[in-house]
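One structure is given below, encoded as structure tokens.
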Amino acid sequence: MKTVAKKHTTVGNVKIIKDFSMPQLKTKRRIWIYLPPDYETSSKRYPVLYMHDGQNVFDDFTAFAGAWDVDKTMERLFKSRKTPGAIIVGIDNAGKNRMREYNPWAEIGGKGDKYSDFIVDTLKPYIDKNFRTKKSRENTGIMGSSMGAYISLYIALKHPQIFSRVGLLSPAFWLYHDNLKEMLEGVTVIEPVKFYFSVGTEEGDEERTKQYIDWTKFTYEVLSKKMTNKKRIKLNIIKGGIHSETVWAKVFSPAFLWLFK
């Protein structure tokens with residue numbers, strides 16, 4: 001059962017848009033925008049990382065089972081000079097319709113195409129217009145966990161002209177795997193691009209863990225064979241790693257630093 005924090009836990013400069021229009025999905029959604037510590041005192045432009053399940057990215061108060069604490073991690077990495085900073089955009093999920101929205105396959109009820117178009121055609125133009133971003137694909141990433149990782153891969157492969165840094169944590173690729181396999185067989189990887197995979201050795205029971213690991217490895221191997229630079233794709237198998245926000249919070253730092261190195 002979820003333990004709800006008694007107060008908001010965000011730190012740093014996190015802006016919130018409560019009702020951002022999603023015309024492709026005919027709804028509105030909360031959007032979180034983390035800005036680097038020196039954003040207000042400099043004229044710098046920053047790379048951007050788009051993340052799903054925005055409720056879980058920054059704030060324990062809104063998180064399902066504890067936040068990833070991305071704001072705290074980014075503050076720490078900046079102060080230790082491990083990163084010059086990045087803008088992190090969190091998109092709230094659709095609640096009970098989360099699975100449908102992160103499912104790319106319309107023929108089985110998925111709305112992932114519409115969600116993908118929202119990010120590319122509505123959200124990114126807004127972020128680029130209203131914040132000091134580095135707009136190029138080389139400076140734009142996307143990251144998620146579980147089904148959020150699934151839709152991250154789909155969006156990155158569908159829009160290689162937009163995204164070149166892709167974080168895939170505990171990806172649920174075992175779901176709809178026939179559709180995924182068909183897509184991977186036909187895809188051409190546009191380089192340069194970086195893929196960071198992570199999967200735990202205890203994602204669920206023995207059968208479910210095997211599904212997570214096998215399909216993560218399969219996807220990693222297929223994409224790796226399509227890339228000329230094998231150093232730009234990484235698989236991190238986490239011993240004892242479970243399917244939880246606690247693990248993803250720990251993985252975020254090495255994943256971010258590797259992707260945006």
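Taken together, the values in this text are just the output of simple stated rules run on the coordinates, not laboratory data. A quick note: this is a predicted structure, and the numbers were derived from the prediction, not measured. Counting neighbours? That spans all protein chains shown, and the Cβs are built from the backbone with ideal geometry, glycine included.
For this structure, a couple of remarks:
- Where Leu157 falls short, out of the listed (1) farther than 15 Å from Arg98 by Cβ; (2) assigned to a loop (DSSP other than H, G, I, E, B): (2)
- Residues within the range 241-261 that are among the charged types (D, E, K, R) and either in contact with a His (Cβ under 9 Å, 6 or more places away or on another chain) or assigned to a helix (DSSP H, G or I) (or both), tallied: 2
- Residues of the range 190-214 satisfying the condition of being surrounded by fewer than 20 Cβ atoms within 10 Å (Cβ to Cβ) and either in a loop (DSSP other than H, G, I, E, B) or in contact (Cβ under 8 Å) with a residue 40 or more places away in the chain (or both): Ile190, Glu191, Pro192, Thr201, Glu202, Gly204, Asp205, Asp214
- Residue tally, condition buried (at least 16 other Cβ atoms within 10 Å of the Cβ) and within 21 Å of Arg165 (Cβ to Cβ), over the range 237-249: 4
- Subset of the range 215-240 (residues that are among the basic types (Lys, Arg), part of a helix (DSSP H, G or I) and out of contact with any Ser or Thr (no Cβ under 8 Å at 6 or more places or on another chain)): Lys217, Lys225, Lys231, Arg232
- Residue within the range 67-89 that is within 23 Å of Thr246 (Cβ to Cβ), in contact with a His (Cβ under 8 Å, 6 or more places away or on another chain) and aromatic (Phe, Trp, Tyr) present: no
- For Gly167, the requirement of being small (Gly, Ala, Ser), touching a strand residue (DSSP E or B) at 6+ places or on another chain (Cβ under 9 Å) and assigned to a loop (DSSP other than H, G, I, E, B) is not met.
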